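Visitor: Structure in structure tokens, see below.
The values are calculated or read from the model by the stated rules, or taken from the named source; none is laboratory data. Note that this is a predicted model, so its numbers are computed, not measured. So basically every Cβ, Gly included, is an ideal-geometry build from the backbone, and we count neighbours across all protein chains shown. In case anyone asks, the SASA skips ligands and DNA or RNA and just uses the protein heavy atoms, side chains included. Shrake-Rupley method; radii C 1.70, N 1.55, O 1.52, S 1.80 Å.
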Amino acid sequence: MVEVAPPHPLRVAALVKQTPAFEAMTLGVDGRLVRDGLPLELGAYCRRAVAEAVALVEAHGGSVTVVTLGPPSAEDVLREAIAFGRGLSPEFPHDVPIAGVHITDPAFAGSDTLATARALAAAIDLLEAEAGAPFDLVLGGRNSVDADTGQVPPQLAQLLDRPFLTGVKVLAVHPPSGGAPGRAEAGCELVDVWEDATVTLPAVLSAAERLIDPCKIKDRAVWAAVDPRSIRRVTADELGPGPWGAAGSPTEVGEVRTAPTARTGVVLDGPVADQVARAVELLLARGALGASTAGAADDPGTGAAVPPSRALPDDAPVVAVIGEPDRARAARELLGAAAVLAADLGGAVVYLGPGHDGRATLSSWGADRIELLEGSMVADDVAPVVGAWIRSARPWAVLVTSTSWGREVASRAAALTGAGLTGDAVGLEVGRGLEVGRGPDGAEGRLVAWKPAFGGAMLAAIGCRSEIQMATVRPGVLPCRAPRPATDPPTRTHLVGARGRVEVRAHTREDDIDVLTHATAVV
């Protein structure tokens with residue numbers, strides 16, 4: 001008689017965060033987000049992670065563990081998630097084994113993304129060691145509405161040494177069977193790209209907005225029925241010596257400025273034909289309809305030229321740019337910005353990435369040295385190569401485009417090297433006269449990255465305490481500088497091998513984000 005192995009029950013962890021209700025967010029007189037007294041709720045993307053975890057366990061058997069890091073009030077989001085999974089609300093007739101883990105301790109206060117990921121990783125390691133088995137899936141939200149970096153899930157994946165997919169909108173899970181590892185097939189919504197991918201289990205995934213109907217129980221009285229014994233509290237002492245919280249965070253927040261805006265504020269109304277005519281008038285006045293459609297290589301650029309290349313000693317400070325496949329325009333923007341920073345520092349620019357339009361063109365955009373990447377361009381494969389190069393080269397700063405690919409590569413590299421990482425920056429400068437621009441010795445001249453806050457109405461200065469400073473930069477916000485004369489920069493090649501943990505089966509550009517990010521006017 002042939003023995004059939006019993007089905008593998010899934011162990012799923014859902015990561016959740018308590019955030020201020022978006023519509024209730026306000027700024028204080030100091031320009032910072034006011035949190036005291038605000039209604040708090042389960043994060044919008046986290047609601048999808050919980051609902052998907054419950055659905056997977058309903059389909060395959062197993063259990064769900066909901067994990068949050070936060071103050072005592074964060075227990076509410078665990079109660080809502082548990083009530084959802086146990087069917088305590090008639091709207092959601094689920095009934096799965098579900099429990100909560102609350103990582104809470106004053107020591108965790110002030111955690112940035114890397115410190116948060118380290119605490120979550122330590123808690124997951126603890127839970128897996130106690131169970132004697134890993135979680136098959138760790139599900140999180142793509143980002144939170146209060147920070148919007150999207151860095152914690154890929155940093156957690158790196159710390160757990162697991163593959164990662166973001167923006168998961170379609171998901172099919174195949175648990176381990178007959179000694180073969182499990183896998184997940186996913187369709188991922190990556191801003192302007194649709195990606196079909198397969199990932200081996202165990203893995204970390206982040207949920208897109210439309211992955212599943214969200215977990216949402218409005219009646220707080222339902223949460224009161226949750227058995228308090230179903231929530232476990234974990235303190236900093238249980239997770240180890242740390243450092244945790246602000247002490248373990250390589251980034252710090254400095255001053256806040258009002259963000260400048262060039263919007264005309266014109267609202268169109270009336271018959272459609274009149275609105276179109278008025279829109280055309282506005283576009284003509286802004287010079288938008290005569291804009292060049294040249295590609296990155298032959299675009300003459302705007303504003304000042306890229307600073308000239310200079311002969312520099314090998315120990316000159318290095319500003320590195322990580323290039324992304326199929327995003328030559330973004331590489332050009334970053335290289336121009338890096339060249340400006342390097343000129344201020346008396347340093348050099350190193351480009352690490354695919355060849356794009358050739359060595360000479362890269363040099364004209366700002367590269368003084370080139371480290372070419374050849375082979376697999378899957379983020380899971382590229383990140384360890386980038387991390388190894390950073391550990392060896394010790395650059396002053398590393399700039400990456402703030403796309404799904406760039407966030408994963410940068411987040412993994414930051415977790416590998418302990419570097420501070422600012423997400424989605426819109427401005428960069430060598431800090432002079434800013435507290436976050438000072439190093440541990442008090443000397444000025446550190447990288448300051450300006451990050452949008454409060455829906456873009458404010459800009460916060462972010463600095464790094466770590467030796468290596470990193471930032472992802474929003475595409476389209478930096479000028480595409482006029483190229484300098486091309487040279488023949490020193491070049492090395494790095495082969496990126498495929499680890500096989502993530503297989504991209506299809507990669508389709510559904511839209512072109514450059515059309516919007518580089519538009520001279522938007523109606």
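Visitor: Name the pairs: first residue in segment 360-371 and within 12 Å of VAL340 (Cα to Cα), second residue surrounded by 24 or more Cβ atoms within 10 Å (Cβ to Cβ) and charged (D, E, K, R), Cβ to Cβ under 7 Å, at least 6 apart or on different chains?
Guide: TRP365/ARG332
Visitor: Another question, if that's okay. Within segment 59-104, work out how many residues are touching a Gly at 6+ places or on another chain (Cβ under 9 Å) and part of a helix (DSSP H, G or I).
Guide: 6
Visitor: Going by the conditions given, is VAL398 at pLDDT below 95 and either outside any loop (DSSP other than H, G, I, E, B) or farther than 16 Å from VAL319 by Cβ (or both)?
Guide: Numbers: at pLDDT below 95: no; either outside any loop (DSSP other than H, G, I, E, B) or farther than 16 Å from VAL319 by Cβ (or both): yes.
Answer is no for this residue.
Visitor: If I filter segment 213-223 down to residues being touching a residue at least 60 places away in the same chain (Cβ under 8 Å) and more than 32 Å from the chain's Cα centre (by Cα), which single residue comes out as least open to solvent (accessible area, probe 1.4 Å)?
Guide: Among those that are touching a residue at least 60 places away in the same chain (Cβ under 8 Å) and more than 32 Å from the chain's Cα centre (by Cα), it is VAL222.
Visitor: Among the residues of segment 408-435, write down those that are more than 21 Å from GLY248 (Cα to Cα) and either in a strand (DSSP E or B) or out of contact with any helix residue (DSSP H, G or I) (no Cβ under 6 Å at 6 or more places or on another chain) (or both).
Guide: Hits for segment 408-435 are ASP424, ALA425, VAL426, GLY427, LEU428, GLU429, VAL430, ARG432, GLY433, LEU434.
Visitor: Residues that are touching a Leu at 6+ places or on another chain (Cβ under 8 Å), open to solvent by 50 Å² or more (accessible area, probe 1.4 Å), closer than 30 Å to ARG465 by Cβ and in a helix (DSSP H, G or I): does segment 239-260 have at least one?
Guide: No, every residue in segment 239-260 fails to be touching a Leu at 6+ places or on another chain (Cβ under 8 Å), open to solvent by 50 Å² or more (accessible area, probe 1.4 Å), closer than 30 Å to ARG465 by Cβ and in a helix (DSSP H, G or I).
Visitor: Would you check which residues across segment 425-459 are under 17 Å from the mean Cα position of the chain (by Cα) and hydrophobic (A, V, I, L, M, F, W, C) and list them?
Guide: Result: ALA425, VAL426, ALA449, TRP450, ALA453.
A quick yes/no check of all residues on (1) on the phi > 0 side of the Ramachandran plot; (2) out of contact with any Gly (no Cβ under 7 Å at 6 or more places or on another chain); (3) assigned to a strand (DSSP E or B); (4) basic (Lys, Arg):
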| position | (1), (2), (3), (4) |
| --- | --- |
| ALA186 | no, yes, yes, no |
| ASP196 | no, no, yes, no |
| VAL199 | no, yes, yes, no |
| PRO214 | no, yes, no, no |
| VAL222 | no, yes, no, no |
| ASP237 | no, yes, no, no |
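Visitor: Oh, and also: Any chance you could count how many residues in segment 368-411 are touching a Pro at 6+ places or on another chain (Cβ under 6 Å), more than 11 Å from ILE322 (Cβ to Cβ) and of a type outside the set (Asp, Glu)?
Guide: The qualifying residues number 5.
Visitor: Looking at the structure I just gave you, is ASP380 assigned to a strand (DSSP E or B) and charged (D, E, K, R)?
Guide: Numbers: assigned to a strand (DSSP E or B): no; charged (D, E, K, R): yes.
No.
Visitor: Which of the residues that make up segment 480-503 are assigned to a loop (DSSP other than H, G, I, E, B) and over 18 Å from LEU334 (Cα atoms)?
Guide: Start the filter on segment 480-503 by keeping residues that are assigned to a loop (DSSP other than H, G, I, E, B), which leaves 480-481, 483-490, 497-501.
Correct list: THR487, ASP488, PRO490, GLY497, ALA498, ARG499, GLY500, ARG501.
Visitor: Right, ASP314: under 28 Å from ARG499 (Cα atoms) and at pLDDT below 95 or not?
Guide: Here the answer is no, as ASP314 does not meet what is asked.
Visitor: Quick check: anything in segment 350-364 open to solvent by less than 10 Å² (accessible area, probe 1.4 Å), assigned to a loop (DSSP other than H, G, I, E, B) and among the small types (Gly, Ala, Ser)? Show your work before the answer.
Guide: Taking segment 350-364 and keeping what is open to solvent by less than 10 Å² (accessible area, probe 1.4 Å), we get 350-353, 362-363.
Subsequent filtering for residues that are assigned to a loop (DSSP other than H, G, I, E, B) retains none.
So far as segment 350-364 goes, no, none of its residues is open to solvent by less than 10 Å² (accessible area, probe 1.4 Å), assigned to a loop (DSSP other than H, G, I, E, B) and among the small types (Gly, Ala, Ser).
Visitor: On the basis of being buried (at least 23 other Cβ atoms within 10 Å of the Cβ), hydroxyl-bearing (Ser, Thr, Tyr) and under 13 Å from the mean Cα position of the chain (by Cα), does THR166 make the cut? It would help to see each step written out before you state the result.
Guide: Details: buried (at least 23 other Cβ atoms within 10 Å of the Cβ): yes; hydroxyl-bearing (Ser, Thr, Tyr): yes; under 13 Å from the mean Cα position of the chain (by Cα): yes.
For THR166, the condition - buried (at least 23 other Cβ atoms within 10 Å of the Cβ), hydroxyl-bearing (Ser, Thr, Tyr) and under 13 Å from the mean Cα position of the chain (by Cα) - is met.
Visitor: Oh, and also: Which members of segment 196-212 meet the condition of being of a type outside the set (A, V, I, L, M, F, W, C) and open to solvent by 20 Å² or more (accessible area, probe 1.4 Å)? I'd like the intermediate steps shown before the answer.
Guide: So in segment 196-212, the residues of a type outside the set (A, V, I, L, M, F, W, C) come out as 196, 198, 200, 202, 206, 209-210.
ASP196, THR198, THR200, PRO202, GLU209, ARG210 - these are the residues of segment 196-212 that are of a type outside the set (A, V, I, L, M, F, W, C) and open to solvent by 20 Å² or more (accessible area, probe 1.4 Å).
Matching residues to (1) under 15 Å from LEU334 (Cβ atoms); (2) touching a Ser or Thr at 6+ places or on another chain (Cβ under 7 Å):
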{"site": "GLY406", "(1), (2)": "yes, yes"}
{"site": "VAL409", "(1), (2)": "yes, no"}
{"site": "ARG412", "(1), (2)": "no, no"}
{"site": "LEU416", "(1), (2)": "no, no"}
{"site": "GLY437", "(1), (2)": "no, no"}
{"site": "VAL448", "(1), (2)": "no, no"}
{"site": "ALA460", "(1), (2)": "no, no"}
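Visitor: Among what's in segment 338-349 and is among the hydrophobic types (A, V, I, L, M, F, W, C) and either crowded, with 23+ Cβ neighbours inside 10 Å or farther than 19 Å from CYS480 by Cα (or both), pick the residue that is modelled with the lowest pLDDT. Even if it seems obvious, please write down each step before you answer.
Guide: Of the residues in segment 338-349, the ones among the hydrophobic types (A, V, I, L, M, F, W, C) are 338-343, 345, 348-349.
Filter once more, so that each one left must be either crowded, with 23+ Cβ neighbours inside 10 Å or farther than 19 Å from CYS480 by Cα (or both): 338-339, 342, 345, 348-349.
Values: ALA338: 97, ALA339: 97, ALA342: 96, LEU345: 93, ALA348: 96, VAL349: 97.
This residue is LEU345.
Visitor: Something else now. Tell me the residue from THR417, THR403 that is within 20 Å of HIS507 (Cα to Cα) and not aliphatic (A, V, I, L, M), please. Write out each step before concluding.
Guide: Details: THR417 fails: within 20 Å of HIS507 (Cα to Cα).
Testing whether each residue is within 20 Å of HIS507 (Cα to Cα) and not aliphatic (A, V, I, L, M) leaves just THR403.
Visitor: Still on this structure: Of all residues in segment 87-103, which are of a type outside the set (A, V, I, L, M, F, W, C), at pLDDT 95 or above and surrounded by 19 or more Cβ atoms within 10 Å (Cβ to Cβ)? Working first, answer last.
Guide: First, pick out the residues of segment 87-103 that are of a type outside the set (A, V, I, L, M, F, W, C): 87, 89-91, 93-95, 97, 100, 102.
Cutting the leftovers down to at pLDDT 95 or above gives us 97, 100, 102.
Once the filter is applied, which keeps residues that are of a type outside the set (A, V, I, L, M, F, W, C), at pLDDT 95 or above and surrounded by 19 or more Cβ atoms within 10 Å (Cβ to Cβ), segment 87-103 yields GLY100, HIS102.
Visitor: So, LEU282, is that one among the aliphatic types (A, V, I, L, M), modelled with pLDDT of 75 or more and either assigned to a loop (DSSP other than H, G, I, E, B) or open to solvent by 60 Å² or more (accessible area, probe 1.4 Å) (or both) or not?
Guide: On the way: among the aliphatic types (A, V, I, L, M): yes; modelled with pLDDT of 75 or more: yes; either assigned to a loop (DSSP other than H, G, I, E, B) or open to solvent by 60 Å² or more (accessible area, probe 1.4 Å) (or both): no.
Judged against the criteria, LEU282 is not a match.
Visitor: Could I ask something else about it? Could you tell me whether THR235 is surrounded by 19 or more Cβ atoms within 10 Å (Cβ to Cβ), in contact (Cβ under 8 Å) with a residue 60 or more places away in the chain and among the polar types (S, T, N, Q)? Working first, answer last.
Guide: Working: surrounded by 19 or more Cβ atoms within 10 Å (Cβ to Cβ): no; in contact (Cβ under 8 Å) with a residue 60 or more places away in the chain: yes; among the polar types (S, T, N, Q): yes.
No, not satisfied.
Visitor: Let me ask you something else. Check whether at least one residue in segment 308-326 is in a helix (DSSP H, G or I), touching a residue at least 40 places away in the same chain (Cβ under 8 Å) and surrounded by fewer than 21 Cβ atoms within 10 Å (Cβ to Cβ), and report yes or no.
Guide: Taking segment 308-326 and keeping what is in a helix (DSSP H, G or I), we get none.
No - not one qualifying residue is present in segment 308-326.
Visitor: So which residues in segment 43-64 are closer than 14 Å to LYS17 by Cα, among the hydrophobic types (A, V, I, L, M, F, W, C) and open to solvent by 30 Å² or more (accessible area, probe 1.4 Å), if there are any at all?
Guide: Filtering segment 43-64 down to residues closer than 14 Å to LYS17 by Cα leaves 43-50.
Now restrict to residues that are among the hydrophobic types (A, V, I, L, M, F, W, C): 44, 46, 49-50.
Across segment 43-64, the qualifying residue is only ALA44.
Visitor: On to the next question. Take the residues of segment 365-394 that are surrounded by 24 or more Cβ atoms within 10 Å (Cβ to Cβ) and of a type outside the set (A, V, I, L, M, F, W, C): which is nearest to GLU503 (Cα to Cα)?
Guide: The qualifying residue nearest to GLU503 (Cα to Cα) is ASP380.
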